[in-house]
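The values are calculated or read from the model by the stated rules, or taken from the named source; none is laboratory data. From a predicted model like this one, the values you see are computed outputs, not experimental measurements. With ideal geometry, Cβ positions are generated from the backbone for all residues, glycine too; neighbour counts draw on all protein chains shown. Quick note on the areas: whole protein, heavy atoms, side chains included, nothing else; ligands and nucleic acids left out. Shrake-Rupley method; radii C 1.70, N 1.55, O 1.52, S 1.80 Å.
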Amino acid sequence: MKKMRNVNQSKARKNNHEEKFESMVKEYQEAKTLLDSMDDGSDEQLQQQRLCDSLFAKAEKFFTQHN
């Protein structure tokens with residue numbers, strides 16, 4: 001009986017990780033869309049580029065840790 005419980009918990013944990021990763025990807029895509037609409041070379045564009053790079057790195061790290 002205890003083994004069944006662990007399987008259910010790991011399945012729930014996996015679903016939670018997938019949902020969190022999906023939200024991270026969505027946040028990155030929104031930031032990337034905003035970045036693409038900005039003028040090249042402006043200070044705001046550089047800040048947005050840093051944000052996009054940071055979001056991408058976080059999502060990539062999360063994916064490798066939980067996969």
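Observations
Per-residue answers, yes or no, for (1) open to solvent by 60 Å² or more (accessible area, probe 1.4 Å); (2) basic (K, R); (3) in contact with a helix residue (DSSP H, G or I) (Cβ under 9 Å, 6 or more places away or on another chain); (4) not in a helix (DSSP H, G or I):
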{"site": "K11", "(1), (2), (3), (4)": "yes, yes, no, no"}
{"site": "N15", "(1), (2), (3), (4)": "yes, no, no, no"}
{"site": "E19", "(1), (2), (3), (4)": "yes, no, no, no"}
{"site": "S23", "(1), (2), (3), (4)": "yes, no, no, no"}
{"site": "K26", "(1), (2), (3), (4)": "yes, yes, no, no"}
{"site": "E30", "(1), (2), (3), (4)": "yes, no, no, no"}
{"site": "L35", "(1), (2), (3), (4)": "no, no, yes, no"}
{"site": "Q48", "(1), (2), (3), (4)": "no, no, yes, no"}
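- Candidate set: region 37-46, residues that are part of a helix (DSSP H, G or I) and not hydrophobic (A, V, I, L, M, F, W, C); chosen: the one farthest from the chain's Cα centre (by Cα): D43
- Taking every residue in region 35-47 that is without any contact (Cβ under 8 Å) to a residue 24 or more places away in the chain and pairing it with any residue that is open to solvent by 100 Å² or more (accessible area, probe 1.4 Å), at least 6 positions away or on another chain, the pairs with Cβ-Cβ distances below 9 Å are M38/E44; Q45/D39.
- For region 50-67, the set of residues classified as in a helix (DSSP H, G or I) and open to solvent by 60 Å² or more (accessible area, probe 1.4 Å) consists of R50, L51, D53, F56, K58, E60, K61, F63, T64, Q65, listed by residue number.
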